[in-house]
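The values are calculated or read from the model by the stated rules, or taken from the named source; none is laboratory data. The shown structure was predicted, so the numbers you read here are calculated from the model rather than taken from an experiment. Reconstructed Cβ throughout: ideal geometry from the backbone, glycine too, with neighbour counts over all protein chains shown. The accessibility values were calculated without ligands, DNA or RNA, using every heavy atom of the protein model including side chains. Shrake-Rupley method; radii C 1.70, N 1.55, O 1.52, S 1.80 Å.
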Amino acid sequence: MLILAIETSCDETSAAVVRDGRHILSNIVASQTELHELYGGVVPEIASRRHMELIRTLTSMALTEAGIKKSDIDAVACTTAPGLIGALLVGLSFAKAMAFGFGVPFIPVHHIRGHVAANYLAYPDLEPPFTALVVSGGHSSFLHVTDYTEYKTLGVTLDDAAGECFDKIARVMGLGYPGGPLLDKLAENGNPEAYKLPRTKVEGLDMSFSGLKTSVINIIHNAEQRGEDINAQDLAASFSQAVSDILITRLCAALEMTGENTAVLAGGVAANAWLRRELLQSVDGKNLILPPPALCGDNAAMIGAQGFYEFQKGNVAPLSQNALATCPADMCLC
Ligand code: KG4
Ligand code: ZN
């Protein structure tokens, strides 16, 4: 089955063609980083306008690169929740028009389920059940994935998402946007013990990152006021270690709670080298699935992968389907 997939939930415009949920025939991603850099974060209206400008050309490129004709497409899948509402609506309207034009079913896909499904593209033998940790710029969630379309949220962040925290700290440090990859690089040779940072305690599997973020920002501001220098490498390493500790202790608890043997990582922050290294050292005796860095960030192939399994379950929607800015991964979108 050939699925044309569209992703426009935030600041990446992407179109892909995926075969049977497991094989990428094309995956074109256009990042808008340079447009939002000036503002230090994503400006929703600018993101929506850029999606409008790019979506048609990117989709043509995806079809050409896949080497298929429009008539070969069996269904169109698109992220319809969660995300920036204006940005989502651009992709949704375009995808529904394509489905109508081709006379094929329209499949709405949850963005977080898509991130998890990126792993199906890289690991042909990976199948639910498993425990997943999704960490991105907008989301931080522990999930029990009992089947391809059966999700139970076990814990979420109560304030900032992990990636948001990376981005805000990098901004205060004057590193640029998006901050995650820049802090990741900076941490490489830093000392994680140099700065004492809090590991916020929250009941159960929920998380909180705003206290950690404020601590780091206070260290930077206090040093500025005293005319002292901070050691940026050490601060980046101490922060990366704190984020890893918060996530890994909960992931171990989530594995114990669900009784699963497989842990799956997903989302933009899953590309973080520090977190990946710490996970490999900490999650003993379990099967740890780390997505290839190229499939961690937003891309349409992951939506095509999940779209295949949503279709198998009969989760197709009429063309009146709307977008939702927020929505738990547990919910069926149809
Ligand atoms: O999944 P994603 O592309 O978009 C959302 O769904 O939010 O994630 C983007 C987030 C940004 O906050 C970015 O700074 C972060 O992922 N990120 C990283 C790394 N690469 C991207 N964070 C830490 N280390 C990285 N290497
Ligand atoms: Zn994402």
Within segment 174-203, which residues are open to solvent by less than 60 Å² (accessible area, probe 1.4 Å) and modelled with pLDDT of 95 or more? Gly180, Leu183, Asp184, Leu186, Ala187, Gly190, Pro192, Ala194, Tyr195, Leu197, Pro198
Being assigned to a helix (DSSP H, G or I), modelled with pLDDT under 95 and either more than 16 Å from ligand 2 (Cβ to nearest atom) or over 21 Å from Leu121 (Cα atoms) (or both) narrows it down to one residue among Glu37, Glu45; which is it? Glu37
Is there a residue being under 14 Å from the mean Cα position of the chain (by Cα), within 16 Å of ligand 2 (Cβ to nearest atom), open to solvent by 70 Å² or more (accessible area, probe 1.4 Å) and closer than 25 Å to Thr59 by Cβ anywhere in segment 296-305? no
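How many residues does segment 275-295 contain that are in a helix (DSSP H, G or I), away from ligand 2 (no atom under 15 Å from the Cβ) and open to solvent by 20 Å² or more (accessible area, probe 1.4 Å)? Don't jump to the end; show me each part of the working.
Initial filter on segment 275-295 (in a helix (DSSP H, G or I)): 275-282, 293-295.
Now narrow it down to the ones that are away from ligand 2 (no atom under 15 Å from the Cβ): 275-282.
Now restrict to residues that are open to solvent by 20 Å² or more (accessible area, probe 1.4 Å): 276-278, 280-282.
Final tally of qualifying residues: 6.
Scan the strands (runs of 3 or more DSSP E) fully inside segment 100-166 and keep the ones with 2 or more residues being within 23 Å of Lys313 (Cβ to Cβ) and free of Cβ contacts under 8 Å to residues at least 40 places away in the same chain.
Details: elements: 106-110, 130-135, 140-147, 150-156.
The strands (runs of 3 or more DSSP E) meeting that bar are 140-147.
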Near pairs, Cβ below 9 angstrom, 6+ apart or cross-chain, from segment 296-307 (within 11 Å of Thr79 (Cα to Cα) and in a helix (DSSP H, G or I)) to any residue that is within 8 Å of ligand 1 (Cβ to nearest atom) and open to solvent by 10 Å² or more (accessible area, probe 1.4 Å): Ala300/Glu12
Enumeration of residues in segment 3-23 that are out of contact with any Gly (no Cβ under 8 Å at 6 or more places or on another chain), under 18 Å from Tyr148 (Cα atoms) and assigned to a strand (DSSP E or B): Arg19, His23
Do we have Ser215 as touching a Pro at 6+ places or on another chain (Cβ under 6 Å), assigned to a helix (DSSP H, G or I) and more than 16 Å from ligand 1 (Cβ to nearest atom) here? yes
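Please enumerate the residues belonging to segment 56-102 that are of a type in the set (S, T, N, Q) and open to solvent by 70 Å² or more (accessible area, probe 1.4 Å). If you could, list the steps in order and put the result at the bottom.
First, pick out the residues of segment 56-102 that are of a type in the set (S, T, N, Q): 57, 59-60, 64, 71, 79-80, 93.
Result: Thr57, Thr64, Ser71.
Is it fair to say Val76 is over 15 Å from Glu12 (Cβ atoms) and either assigned to a loop (DSSP other than H, G, I, E, B) or in contact with a Ser or Thr (Cβ under 7 Å, 6 or more places away or on another chain) (or both)?
The answer is no for Val76.
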Got a sec? Which of Ile246, Ile219 is farther than 16 Å from Gly179 by Cα, open to solvent by less than 10 Å² (accessible area, probe 1.4 Å) and hydrophobic (A, V, I, L, M, F, W, C)? Ile246
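Looking at Gln233, Gln225, can you tell me which residue is within 18 Å of Glu278 (Cα to Cα), open to solvent by 70 Å² or more (accessible area, probe 1.4 Å), at pLDDT 95 or above and assigned to a helix (DSSP H, G or I)?
Numbers: Gln225 fails: within 18 Å of Glu278 (Cα to Cα).
Matching residue, one of Gln233, Gln225: Gln233.
From the list Phe166, Phe142, Phe130, which one is crowded, with 24+ Cβ neighbours inside 10 Å and touching a strand residue (DSSP E or B) at 6+ places or on another chain (Cβ under 9 Å)? Break it down stepwise before answering.
Working: Phe166 fails: touching a strand residue (DSSP E or B) at 6+ places or on another chain (Cβ under 9 Å); Phe130 fails: crowded, with 24+ Cβ neighbours inside 10 Å.
Every option except Phe142 fails the conditions.
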Being within 25 Å of Ala294 (Cβ to Cβ), surrounded by fewer than 22 Cβ atoms within 10 Å (Cβ to Cβ) and in contact with a helix residue (DSSP H, G or I) (Cβ under 7 Å, 6 or more places away or on another chain), is that true of even one residue in segment 110-127? yes
Search result, residues across segment 24-66 that are among the small types (Gly, Ala, Ser) and out of contact with any strand residue (DSSP E or B) (no Cβ under 7 Å at 6 or more places or on another chain): Gly40, Gly41, Ala47, Ser48, Ser60
